[in-house]
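The values are calculated or read from the model by the stated rules, or taken from the named source; none is laboratory data. What you see is a predicted model; the values in this text were computed from it and never measured. Don't worry about glycine lacking a Cβ; one is built from the backbone with ideal geometry, like all the others, and counts go over all protein chains shown.
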Amino acid sequence: MISDWHPLVIHFPIALLSTSVVFDFIYYYSKNKDLLVASWWILLTGLIASIAAIASGIIDDSLIGHFGAVWPIWYNHGAVQIISITGFAILFYFKTIHPKSYNNNYTSYLLCSSILVALLFYGAHLGAMLSGRI
């Protein structure tokens, strides 16, 4: 059944996006440029995987119907996850298209990416509560 896909694909973007941020932190301290390359590819893969997670979540929601109740937004699993993925997409844009501004503001990038990981984990927690696993 198609509604069973969401729990199967959600772990990939969570793991990939958070691992990308870990690699960015390790780069910050080690200055090993290979970590930046790895972080970029992991972030790209995480964003691609998030498309499948969001699509399967929307399909699941069409069967359950909780996404329509958006307010308050911090209690809505789908909205929180879409916001966090959008934030990661913006960071990816700056990392790819504007590397000078990205390199000049690396600590700001790390702060923003850390906040987005926390938001991603919080959204995952909301999803676990919604599914009855917590």
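Mind checking which residues of segment 21-38 are free of Cβ contacts under 8 Å to residues at least 40 places away in the same chain and part of a helix (DSSP H, G or I)?
Pass one, segment 21-38, residues free of Cβ contacts under 8 Å to residues at least 40 places away in the same chain: 22-23, 26-27, 29-38.
Answer for segment 21-38, where residues must be free of Cβ contacts under 8 Å to residues at least 40 places away in the same chain and part of a helix (DSSP H, G or I): VAL22, PHE23, ILE26, TYR27, TYR29, SER30, LYS33, ASP34, LEU35, LEU36, VAL37, ALA38.
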>> Kindly evaluate LYS33 against the criterion of being under 12 Å from VAL21 (Cβ atoms) and modelled with pLDDT under 95.
In response: no
> Which condition does ASP4 not pass, out of (1) of a type outside the set (Lys, Arg); (2) modelled with pLDDT under 95; (3) crowded, with 19+ Cβ neighbours inside 10 Å, if it passes all the others?
Replying inline: (3)
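May I ask you to say which residue of ILE115, ILE85 is touching a residue at least 60 places away in the same chain (Cβ under 8 Å) and β-branched (Val, Ile, Thr)?
Working: ILE115 fails: touching a residue at least 60 places away in the same chain (Cβ under 8 Å).
Being touching a residue at least 60 places away in the same chain (Cβ under 8 Å) and β-branched (Val, Ile, Thr) holds for just one of ILE115, ILE85, which is ILE85.
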>> Going through SER50, SER56 one at a time, which residue ends up being assigned to a helix (DSSP H, G or I), of a type outside the set (Phe, Trp, Tyr), surrounded by 16 or more Cβ atoms within 10 Å (Cβ to Cβ) and at pLDDT 95 or above?
In response: SER50
> If you go through segment 88-111, how many residues are in contact (Cβ under 8 Å) with a residue 12 or more places away in the chain and either among the aliphatic types (A, V, I, L, M) or within 16 Å of LEU47 (Cα to Cα) (or both)?
Replying inline: 8
